[in-house]
Structure formats: C-alpha cells, structure tokens
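First the structure, in the form of structure tokens, and then the observations on it.
The values are calculated or read from the model by the stated rules, or taken from the named source; none is laboratory data. Predicted model, so just to flag it, every value in this text is computed and none were measured. Here the Cβ is made from the backbone with ideal geometry for all residues, glycine too, and neighbour counts use every protein chain on show.
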Amino acid sequence: MINSIIAAKARSEFSRAMRFEGVGVPRVPPPGDDRPRLLYLHIPFCERLCPYCSFNRFVFEEELCRNYFRALRKELLRRLAPGHPLRKEAEERGEI
Ligand code: SF4
C-alpha cells in the first residue's frame, strides 16, 4: 500500500518536473551543418518495471526490442547528412 502511494506521488512529481512549458514543440535541427551535437538515445526495455520509475519503459520482449532497434537504426541513418557513406549505403540497400 505505502509503495503504491509513494510510486504514484513520485510519478506525479517527475511528470510535473518533465513538463516543458513555453518552448513549443522541440525540433531536431536539420542535418548538414558542422555544429557539434549531443544525442540521447532512450532504450526503454527493462527486465522488470520498478514501481517508482517514471521513465517510458517496457518489460523486455525480444521481438519488440528487435523492432525498436530496427526503427532506431533507420531513424539514425535518416538523420545523417545526405552523402554520408553510411546513409548512402543504406539508401542503396533500400533501407531508408
Ligand atoms: S528504467 Fe526504471 S523500470 Fe527500468 S530498471 Fe531502471 S528504474 Fe527500473
């Protein structure tokens, strides 16, 4: 009982803290310039879901995970600058 109350409160507080206001919809800058960037990749699979955790997460399932990584790879390749060797290879293979 106490665990579920604490988990609910923690989720509510995290969710409030993660609400970004006044910045509009975030946009990924277009590829092609040389500005350094940081990249956050979220891998949302866990062996089990901890009750206090507010991350977007799912219990690990192999097929779901494989599909996720396929989609992630595709998205990353799309973000590479046109002409980048990895992107060109993927385009030639019809992957993107
Ligand atoms: S991401 Fe959250 S649910 Fe997954 S192991 Fe870490 S704390 Fe637990």
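Scanning region 42-83 for residues that are within 16 Å of the ligand (Cβ to nearest atom) and over 28 Å from R19 (Cα atoms) gives a single hit, E61. Which of the residues spanning region 54-69 are in contact with an Asp or Glu (Cβ under 9 Å, 6 or more places away or on another chain) and modelled with pLDDT under 95? Scanning region 54-69 gives a single hit, S54.
When we screen L39, L86 for residues that are among the hydrophobic types (A, V, I, L, M, F, W, C), in a helix (DSSP H, G or I) and more than 10 Å from the ligand (Cβ to nearest atom), the only hit is L86.
Does C50 fit the bill of being under 30 Å from S4 (Cα atoms), in the same structural domain as S12 (by TED's automatic domain parsing) and at pLDDT 95 or above? Considered against the rule, which asks whether it is under 30 Å from S4 (Cα atoms), in the same structural domain as S12 (by TED's automatic domain parsing) and at pLDDT 95 or above, C50 comes out as no.
Pairs are defined by a Cβ separation below 7 Å, a sequence spacing of at least 6 or placement on different chains, a first member in region 70-96 that is small (G, A, S), and a second member that is surrounded by 10 or more Cβ atoms within 10 Å (Cβ to Cβ) and modelled with pLDDT under 90; the pairs so defined are A81/P31; A81/G32; A90/I96. Scanning region 42-68 for residues that are surrounded by 12 or more Cβ atoms within 10 Å (Cβ to Cβ) and either β-branched (V, I, T) or part of a helix (DSSP H, G or I) (or both) yields L64, C65, Y68.
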